[in-house]
Amino acid sequence: MKIKFGLYLALGLILLLCEYSNMYADEALQQVPVAIHISSNISDGDLSLDEIVRLVRNNGYRAVIVTDRDNLEWEYGVWPWRNIIRTKEKMASLATYGAARYLQKIADLQKKYSDVVIIPGVEAAPFYYWTGSPYAHNFKLRDWHKHVLVIGLNRPEDYEYLPSVANKKSLRKHFGTEDLLPLWPALIIILGVISYRKRKYSYTDAQGHALGPYSSFWHLSGLILIFFGILSLINNYPFTRVAYDQYHGEQGIKPYQCLIDYANNIGALTFWAHPEATNISKRGDISIETEYYAEDMLRARRYTGFAIFYDGFKKVGSPGGIWDKILTEYCNDARTAPIWAIASQEYDQGGSLASRLQGVETVVLVKELNQSSILKALGKGHAYVIAGDRALRLERFEITDTSTPATGLMGEKVNIKGFPTLNISGGNKAGDSLPVTVRIIRNGNIIETLNAGSLFSLRYTDKFHEPGKMVYYRLEIRNDKTVIVTNPIFVNFVE
């Protein structure tokens, strides 16, 4: 009996895969598992790039996006000479290793492992700020762990001007009259020279030379002013203003939007790395605190997406959460573009990369296996994510029209004249018999829950049509071991 059941299960899976192959034959799309957000020992990781690529390859992935830290540096300077009297913490990062060297190493590995696409990126910390005092017990480094993944940086110059507090040249403002303000110490020096030359009383000799004893008070005052002015002039060099720094408190979304806009200008993708994570730690007398920052996703604009797994599912990615609010804003023309979900391995050191690779996965739909196709798929939402047992796969998610041949896939927009019909199929590659639950989400609301076996082929028609309105549909597919989350398909209702 068990043998017969196993044969039926295997036959069903084969038929399901055949159906999938036929469905996407015209588009020639293939599903490519991509590992995202892994640091090497070039920055804060414990594995070499070679070890990472080998592990990724051995765990069934066909692409990896390495995201070493861009600049692991913070500093604190004492007012008024913050650039002179200061302490600095500088750790291994791409800034110390060199972007050109990093890209060359990736290029060499790409030749060695031609069957795995290796895509360069960074985990950027564009901003941090200080609160409290180093002389009290309330000194804190804030928002150090608020990170954005920047993916698709293929030129050394792309890294050189990544906006961050640690990379001051990236934040310099264009020259203006306010740039003369840092030269104010020159006035103090002039005043000091005048004071230094001041006499108790003065008279001239027959040749007209000034004579008379110098005032010791003004003499000393002048020396102090000259010293203060020269020190301040050195402190203010190179006499340029920056958009923001770590000494003037929380700056809202500005530093992150600056990074996002820079990435867009050079054709890179940006994903919030772990928006629901809170990080509280201590290094010596310094408290390091980053609180939950998912609300920043609502404030920011024009970024590509976010990592729903591991730290973006409970409040951001759950039905009706922040992700759905943003997608609904897009449908209502309050945003120029939607945002997409990815899964993040989020690995640097500690634990096992192999277990992280087995724990979550991003699957992209591409026509060709190369960097350009993968980046395009991630940027347009042609992807779904898995958390848990990677044996459960989504083989088909599309929306068709009951009145026309129109069809939309993940990340696409489709015009519908009739009612949208969702076609959903998948199964467990390992032959597991666990039943699945499919939740259909429209504009943040669960409109239907479908129950199915471990191999499923479902069809659901939503009896909803409102001309002139745009909505979206996305899925959550679950069994006892796995959660699959799709990116949305947008439906534009037309007459």
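The values are calculated or read from the model by the stated rules, or taken from the named source; none is laboratory data. Because the structure is a prediction, the values reported are computed rather than measured. Positions of Cβ are generated from backbone atoms using ideal geometry, with glycine treated the same way; all protein chains shown enter the neighbour counts.
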Right, residue 153: crowded, with 16+ Cβ neighbours inside 10 Å, part of a loop (DSSP other than H, G, I, E, B), in the same structural domain as residue 269 (by TED's automatic domain parsing) and of a type in the set (A, V, I, L, M, F, W, C) or not?
yes
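Could you list, in sequence order, all residues of the range 369-394 that are in a loop (DSSP other than H, G, I, E, B) and touching a helix residue (DSSP H, G or I) at 6+ places or on another chain (Cβ under 9 Å)? Talk me through it step by step, then tell me what you get.
Here is the first cut: in the range 369-394, the residues in a loop (DSSP other than H, G, I, E, B) are 369-370, 381-382, 389-391.
Across the range 369-394, the qualifying residues are 382, 389, 390.
For the range 265-285, how many residues are surrounded by fewer than 19 Cβ atoms within 10 Å (Cβ to Cβ) and in a loop (DSSP other than H, G, I, E, B)? Spell out how you get there, then give the answer.
Of all residues in the range 265-285, those surrounded by fewer than 19 Cβ atoms within 10 Å (Cβ to Cβ) come to 265-267, 278-285.
Checking which are in a loop (DSSP other than H, G, I, E, B) leaves us with 266-267, 278, 284-285.
Matching residues across the range 265-285 total 5.
Please tell me if residue 325 is closer than 22 Å to residue 448 by Cβ and either assigned by TED's automatic domain parsing to the domain that holds residue 485 or surrounded by 22 or more Cβ atoms within 10 Å (Cβ to Cβ) (or both). Walk me through it before giving the result.
Numbers: closer than 22 Å to residue 448 by Cβ: yes; either assigned by TED's automatic domain parsing to the domain that holds residue 485 or surrounded by 22 or more Cβ atoms within 10 Å (Cβ to Cβ) (or both): yes.
So residue 325 fits the description; yes.
Can you spot a residue in the range 442-455 that is in contact (Cβ under 8 Å) with a residue 40 or more places away in the chain, in the same structural domain as residue 419 (by TED's automatic domain parsing), in contact with a Ser or Thr (Cβ under 8 Å, 6 or more places away or on another chain) and over 20 Å from residue 332 (Cβ atoms)?
Step one: filter the range 442-455 for residues in contact (Cβ under 8 Å) with a residue 40 or more places away in the chain, giving 443-446, 454-455.
Cutting the leftovers down to in the same structural domain as residue 419 (by TED's automatic domain parsing) gives us 443-446, 454-455.
Among the residues that remain, those that are also in contact with a Ser or Thr (Cβ under 8 Å, 6 or more places away or on another chain) are: 443-444, 454.
From what is left, the residues that are over 20 Å from residue 332 (Cβ atoms) are 454.
Within the range 442-455, one or more residues are in contact (Cβ under 8 Å) with a residue 40 or more places away in the chain, in the same structural domain as residue 419 (by TED's automatic domain parsing), in contact with a Ser or Thr (Cβ under 8 Å, 6 or more places away or on another chain) and over 20 Å from residue 332 (Cβ atoms).
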Any residue in the range 395-403 that is in the same structural domain as residue 338 (by TED's automatic domain parsing), aromatic (Phe, Trp, Tyr) and surrounded by fewer than 17 Cβ atoms within 10 Å (Cβ to Cβ)?
no
The listed residue being under 20 Å from residue 30 (Cα atoms), of a type outside the set (Asp, Glu) and surrounded by 15 or more Cβ atoms within 10 Å (Cβ to Cβ), out of 419, 456:
456
Checking residue 399 against (1) over 20 Å from residue 269 (Cα atoms); (2) touching a Gly at 6+ places or on another chain (Cβ under 9 Å); (3) part of a loop (DSSP other than H, G, I, E, B), which test does it fail?
(3)
On the basis of being in a strand (DSSP E or B), in contact with a Leu (Cβ under 9 Å, 6 or more places away or on another chain) and not polar (S, T, N, Q), does residue 288 make the cut?
yes
Could we say that residue 102 is among the aromatic types (Phe, Trp, Tyr), more than 19 Å from the chain's Cα centre (by Cα) and in the same structural domain as residue 164 (by TED's automatic domain parsing) here?
yes
Just give me the residues in the range 404-416 being surrounded by fewer than 17 Cβ atoms within 10 Å (Cβ to Cβ) and not in a loop (DSSP other than H, G, I, E, B), in sequence order.
413, 415
Among residues belonging to the range 207-260 that are under 42 Å from the mean Cα position of the chain (by Cα), of a type in the set (Ser, Thr, Tyr) and crowded, with 16+ Cβ neighbours inside 10 Å, point out the one that is nearest to residue 272 (Cα to Cα).
256
What helices (runs of 4 or more DSSP H) completely inside the range 1-101 contain at least 2 residues that are modelled with pLDDT of 95 or more and either farther than 30 Å from residue 132 by Cα or in contact with a Lys or Arg (Cβ under 9 Å, 6 or more places away or on another chain) (or both)?
49-58, 94-97
Looking only at the range 333-360, count every residue that is assigned to a loop (DSSP other than H, G, I, E, B) and either under 21 Å from residue 37 (Cβ atoms) or touching a residue at least 60 places away in the same chain (Cβ under 8 Å) (or both) and tell me the total.
10
Does residue 122 satisfy the condition of being assigned to a strand (DSSP E or B) and assigned by TED's automatic domain parsing to the domain that holds residue 249?
yes
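Which residues, counting only those in the range 256-271, are out of contact with any strand residue (DSSP E or B) (no Cβ under 8 Å at 6 or more places or on another chain) and farther than 17 Å from residue 377 by Cα?
Narrowing the range 256-271 to residues out of contact with any strand residue (DSSP E or B) (no Cβ under 8 Å at 6 or more places or on another chain): 257-258, 261-262, 265-267.
Matches in the range 256-271: 257, 258, 261, 262, 265, 266.
Looking for whichever is touching a helix residue (DSSP H, G or I) at 6+ places or on another chain (Cβ under 8 Å), of a type in the set (D, E, K, R) and over 24 Å from residue 372 (Cα atoms) here; the options are 105, 88, 146, 140. Which one fits? Explain how you work it out, then say what you get.
Details: 105 fails: over 24 Å from residue 372 (Cα atoms); 88 fails: touching a helix residue (DSSP H, G or I) at 6+ places or on another chain (Cβ under 8 Å); 140 fails: touching a helix residue (DSSP H, G or I) at 6+ places or on another chain (Cβ under 8 Å).
After applying the criteria, what remains is 146.
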